[in-house]
Amino acid sequence: MIAAAQALVSRIGPDVPEIAIVLGSGLGALADALESPVTVPYGEVPGFPDPGVAGHQGVFVFGRLGGVPVMLQSGRFHLYEGHDPATVILPVRTFAALGAKTVIVTNAAGGIRRTFTPPVLMLIADHINLMWRSPLQGAIVGVEERFPDMSEPYDGELRSLARQTALAAGITIHEGVYAGVLGPAYETVAEIRMLERMGADAVGMSTVPEVIAARANGMRVLGISTVSNVVAGMGPGPLSHDDVLAASREVRGDLEALVRGVIQQL
Ligand code: HPA
C-alpha cells in the first residue's frame, strides 16, 4: 500500500486531497467533471492487479470538484468477480495510505423499502454484511484496527450535512439500511422477503468491504446509494444490469449536485 501511495504521490505531488470518492455503477461520469484532472490507471499502481487479467479499466482521478481537491476511484473490484476481499479494498487502503480523511462511497442498489419509487437516492444509514467475509481477515495492515467499532460506520455529521444540502438544493433523498450481498445473481423473491424482515431498505453487491476498510483506517464515511430498481418480486419484471445502469444515469445529476454541495462544506 505504501508503494502504491508513493507511486501516486510521484504523479500528483505532495498535496494529496483529503476527500476520496468511490464511484458506483453508472456514475463514472463524475470523473469527467473534475477540473485539472490527473488520471492514473490501476495498471500503473504497484500492487494492483494487471487490468488485462482482471478485465478492469479502473483509474484513479485526482483533481478539483467545484474547486475542492478530491481523488476519485472509478472502477471497482467486486467480490462476485472472484477477487479476494483484500483486492476489493486495495483502492480504499491506498486512499488511507495517502492520508484521506473522508471517503464518499456511491453504488447502485435495488430498493426493498416499499415506498421507494426508483430511481431515487438513499443515504446509507447503516449496513448488514451478508457477504459472509471480511476484508480485514488476515494480518493487520498498516495502522488498521484489528477490531474496528462498527456502531456508526456512516458518519452521523456527514449524513446530516448531506440531508441539509439536499434540502437546500431541492434534491429528494431517503435514508436507510443497505444489505451487502455477494451476487452476482440478483436475489430470489424469498431472499428479498428475508432481507426485508432483517431490516434492509436496499440491497447491492458492493460497498460493505470498502466501508469496513475505511473505518478500520479511521476515515469518515458517507455512503449514497442510487436505488435504481425495485427488487425481485416487488417490481414489474425481470431485472437487468442495463436497466440498472440506465436508471443510475437518470439521477446522477442529483447525486453529483449532492456530492458537490457536501464537499464544499467539509
Ligand atoms: N439487487 C442487488 N444488487 C443490485 C440491485 C438489486 O436489485 N440493483 C442494483 N444492484
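The values are calculated or read from the model by the stated rules, or taken from the named source; none is laboratory data. The shown structure was predicted, so the numbers you read here are calculated from the model rather than taken from an experiment. With ideal geometry, Cβ positions are generated from the backbone for all residues, glycine too; neighbour counts draw on all protein chains shown. Calculation scope for accessible area: heavy atoms of the full protein, side chains included, ligands and nucleic acids excluded. Shrake-Rupley method; radii C 1.70, N 1.55, O 1.52, S 1.80 Å.
A compact table of results
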{"item": "Complete set of residues in region 43-57 that are modelled with pLDDT under 90 and either among the polar types (S, T, N, Q) or open to solvent by less than 50 Å² (accessible area, probe 1.4 Å) (or both)", "result": "49, 51, 54, 56, 57"}
{"item": "Given (1) small (Gly, Ala, Ser); (2) under 12 Å from residue 22 (Cα atoms); (3) within 16 Å of the ligand (Cβ to nearest atom), number of the condition residue 74 does not satisfy", "result": "(3)"}
{"item": "For residue 1: the one exception among (1) at pLDDT 90 or above; (2) open to solvent by 60 Å² or more (accessible area, probe 1.4 Å)", "result": "(1)"}
{"item": "Selected residue (criterion: nearest to the ligand (Cβ to nearest atom)) from residues of region 10-42 that are part of a helix (DSSP H, G or I) and open to solvent by less than 50 Å² (accessible area, probe 1.4 Å)", "result": "28"}
{"item": "Which listed residue, of 100, 166, 162, 108, is open to solvent by less than 30 Å² (accessible area, probe 1.4 Å), among the hydrophobic types (A, V, I, L, M, F, W, C) and modelled with pLDDT under 95", "result": "108"}
{"item": "Any hit, region 211-227, residues being touching a His at 6+ places or on another chain (Cβ under 7 Å) and either modelled with pLDDT under 95 or under 30 Å from residue 66 (Cβ atoms) (or both)", "result": "yes"}
{"item": "Region 69-97 - residue that is aliphatic (A, V, I, L, M), over 13 Å from the mean Cα position of the chain (by Cα) and within 25 Å of residue 186 (Cα to Cα) and, of those, least open to solvent (accessible area, probe 1.4 Å)", "result": "79"}
{"item": "Some residue of region 32-43 being without any contact (Cβ under 8 Å) to a residue 12 or more places away in the chain and under 19 Å from the mean Cα position of the chain (by Cα)", "result": "yes"}
{"item": "Helices (runs of 4 or more DSSP H) enclosed by region 162-266 - at least 2 residues per element that are within 14 Å of the ligand (Cβ to nearest atom)", "result": "189-198, 241-250"}
{"item": "For residue 176: the one exception among (1) within 12 Å of residue 109 (Cα to Cα); (2) open to solvent by 20 Å² or more (accessible area, probe 1.4 Å); (3) not hydrophobic (A, V, I, L, M, F, W, C)", "result": "(2)"}
{"item": "Count of region 107-117 residues which are over 23 Å from residue 76 (Cα atoms) and within 9 Å of the ligand (Cβ to nearest atom)", "result": "1"}
